[in-house]
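In what follows, a structure is listed as structure tokens, so that the remarks can point back to it.
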Amino acid sequence: MKTVFVVYADDNVGTAVLEPISAGDTVATNGERSDIQVAARADIAYGHKIALLDISAGATVLKYGLSIGSATRDIHAGDHVHTHNVESNRGRGDLADS
Amino acid sequence: MQQFMGYRRANGDVGVRNHLLILSGTVYANGVVERVADAIHGAVPVTHANGRCQVAPDLRVTRRFLAGTAMNPNVGAVVIIDHFKEEGMTAEDLADDIAPTGKPVATVNIRADGGYINALAKATRYAQDFARQISLLQREPAPMGKILFGTECGTSDTTSGLASNPANGLAGELLIAQGGRMLMAECTEWMGCENWLTDKAASPEVAAAILAGVQHMEARALASGEDIRGSQPTGDNMAGGLTTIEEKSMGAVKKIGDSPIIEHLEIAAAPTQTKPGNYVMYGPGMGAESISSMAAAGCQVLTFCTGGGHTSNHPIMPTIKVTGNRNSYDLMRDTVDVDVSGVFTSELTLAEAGQIVYDEMARVCSGFLTKSEALRDNNSFAIHRVGPSI
């Protein structure tokens, strides 16, 4: 059993600040949310995030109870959450309407 | 209401230290300043590279940093040493700025007072008199509501936004509940979190100033020919698990809690209001300039949240280092004061970590020395420049 840290109760990601996680590990949460258990679907390095719930493409990724960006593809509980499946919604000079 | 033991000043301010400040008016007085401070019990030197050949707007900011530092409630008396005459920022100009506080101020001019050795002797005599004069002051009880609590983060890592910064925000809320004020600067690191901050703004004017401050800092970065966002988050941030600028900035702004933001300040400017709550200030992410701007605004104490560990210490404002990274604490335990990494191992709740930070801050306000103070380290006075040397 591995543990990730959750900052705010409505976050849908946790952070591996106790130990790195390997694919297949059972992952529990502590911090402000301790009611979730997921199976890691990928290796999660120290300091990186894991999805605690399914997050649909386009949905908001919540850390600190706030948006850190949007999912660019469907993310499954247990997935590694990082630049490959989340994009920023701020400071996007590449988007015409921003 | 909770109290601390502080030094009551003539203007009603309360200091947490009773420093004799030896203040350099210009780079060319730094040597005399350091020698005077070496000679006199308890004297603290503040030296810098400014005071000559600055464009007027830049010189005004320098003047605000220097006068504000001397006006800080932690300073009991001031000896200002100048070289000759800098139009717009002479030692006399600085003394005029400081005069409303009612604290003893003396000025020495190296040329007018007969050269280096004579100026050194004159300044040393002033300093000796002032050191004895302020030694008569005793600490007395004062409400925690008198505290303007600065907060900074530097050498941040993944743990900063998860442990030390939110614990610090909760500590600020505890102080605000006692009638105190918390100040956060570093508007570069509000980028991506503007809405989180403007939602707390006490008025539309404050919200507009927050947005304008971030835009101005961003424009300053763009004027360098490089887009700041080309490197935010940085490669090592991403390697460490930070995905977007929003995520990085959110960690930084969590240094303040949920109370309203009462006022937005220009760099190194003192608040004009006394209402309890959060205050924010325009300024760079550069740590020494940032904490010096908050000392100049009148902060008596500051928490410096650091993931990687830090040595930063301001000469007249106790600088309490807080980390959420146990490895950093173990490596840097001679300068890092507080370890809140227990939030990751369920040894501490965030609320308990916030209480620990608050309690440390309150103890320091009553005279408990920070680790860097005990080392007499004095490394973090720096003045933000808004114009070139000419």
query = Got at least one residue in segment B:282-291 being in contact with a helix residue (DSSP H, G or I) (Cβ under 9 Å, 6 or more places away or on another chain) and closer than 17 Å to B:GLU373 by Cβ?
reply = no
remark   = Taking segment B:183-206 and keeping only residues that are within 14 Å of chain A (Cβ to nearest Cβ) and under 21 Å from B:GLY307 (Cβ atoms), one is left with B:THR188, B:GLU189, B:TRP190, B:MET191, B:GLY192, B:CYS193, B:TRP196
key: Matching residues, segment B:100-119, being closer than 15 Å to B:LEU21 by Cα and aliphatic (A, V, I, L, M)   = B:VAL105, B:ALA106, B:VAL108
task = Hey, can you tell me all the residues within segment B:113-138 that are touching a residue at least 24 places away in the same chain (Cβ under 8 Å) and hydrophobic (A, V, I, L, M, F, W, C)?
result = B:ALA119, B:LEU120, B:ALA123, B:ALA127, B:PHE130, B:ALA131, B:ILE134, B:LEU137
ask   = Which one of A:VAL38, A:VAL4 is touching a residue at least 24 places away in the same chain (Cβ under 8 Å), of a type in the set (A, V, I, L, M, F, W, C) and farther than 21 Å from B:THR244 by Cβ?
value = A:VAL38
inquiry  = What's the total number of residues in segment B:68-105 that are in contact with a Leu (Cβ under 6 Å, 6 or more places away or on another chain) and either free of Cβ contacts under 8 Å to residues at least 40 places away in the same chain or farther than 30 Å from B:ARG139 by Cβ (or both)?
reply    = 2
request  = Select, from B:GLU205, B:GLU226, B:GLU263, B:GLU247, the only residue that is of a type in the set (Asp, Glu) and either closer than 18 Å to B:LEU148 by Cβ or in contact with a Ser or Thr (Cβ under 6 Å, 6 or more places away or on another chain) (or both).
outcome  = B:GLU263
query = Taking into account only those residues within segment A:12-30 that are within 11 Å of chain B (Cβ to nearest Cβ) and surrounded by 23 or more Cβ atoms within 10 Å (Cβ to Cβ), which is modelled with the lowest pLDDT?
reply = A:VAL17
request  = For B:LEU175, state whether it is crowded, with 21+ Cβ neighbours inside 10 Å and in contact (Cβ under 8 Å) with a residue 12 or more places away in the chain.
outcome  = yes
task = Inspect segment B:175-182 for any residue being touching a strand residue (DSSP E or B) at 6+ places or on another chain (Cβ under 9 Å), among the small types (Gly, Ala, Ser) and within 11 Å of chain A (Cβ to nearest Cβ) and give the result as yes or no.
result = no
ask   = Within segment B:35-57, can one find any residue that is acidic (Asp, Glu), farther than 27 Å from B:GLY6 by Cβ and in contact with a helix residue (DSSP H, G or I) (Cβ under 6 Å, 6 or more places away or on another chain)?
value = no
message = Anything in segment B:131-175 that is of a type in the set (A, V, I, L, M, F, W, C) and at pLDDT below 95? List them, or say none.
response = B:CYS153, B:LEU162, B:ALA163
request  = Residue by residue through segment A:31-45, note down the ones that are at the interface with chain B (Cβ under 9 Å from one of its Cβ atoms) and outside any strand (DSSP E or B).
outcome  = A:GLU32, A:SER34, A:ALA45
request  = Starting from residues that are modelled with pLDDT of 90 or more and closer than 14 Å to A:VAL17 by Cα, keep the ones in segment B:329-346 and report whichever is nearest to the other protein chains (Cβ to nearest Cβ).
outcome  = B:SER341
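Residues checked against (1) part of a loop (DSSP other than H, G, I, E, B); (2) within 8 Å of chain B (Cβ to nearest Cβ); (3) surrounded by fewer than 17 Cβ atoms within 10 Å (Cβ to Cβ):
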site	(1), (2), (3)
A:VAL4	no, no, no
A:GLY47	yes, yes, no
A:LEU62	no, no, no
A:GLY69	no, yes, no
A:ALA77	yes, no, no
Tally, over segment B:347-390, of residues that are buried (at least 16 other Cβ atoms within 10 Å of the Cβ), modelled with pLDDT of 95 or more and within 14 Å of another protein chain (Cβ to nearest Cβ) = 2
Pairs with Cβ under 6 Å, 6+ apart, first in segment B:1-12 and of a type in the set (S, T, N, Q), second not in a loop (DSSP other than H, G, I, E, B) = B:GLN2/B:MET144; B:GLN3/B:PRO141; B:GLN3/B:PRO143; B:ASN11/B:THR101
message = On the basis of being hydrophobic (A, V, I, L, M, F, W, C) and touching a Cys at 6+ places or on another chain (Cβ under 7 Å), does B:LEU148 make the cut?
response = yes
message = If I filter segment A:49-60 down to residues being buried (at least 18 other Cβ atoms within 10 Å of the Cβ) and either over 14 Å from A:PHE5 (Cβ atoms) or of a type in the set (A, V, I, L, M) (or both), which single residue comes out as farthest from the other protein chains (Cβ to nearest Cβ)?
response = A:LEU52
note = If we ask which residues in segment B:100-146 are assigned to a strand (DSSP E or B) and surrounded by 13 or more Cβ atoms within 10 Å (Cβ to Cβ), their number turns out to be 7
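The values are calculated or read from the model by the stated rules, or taken from the named source; none is laboratory data. Not measured: the values here are computed from a predicted model. As a convention, Cβ positions derive from the backbone with ideal geometry for all residues, glycine included, and neighbour counts pool all protein chains shown.
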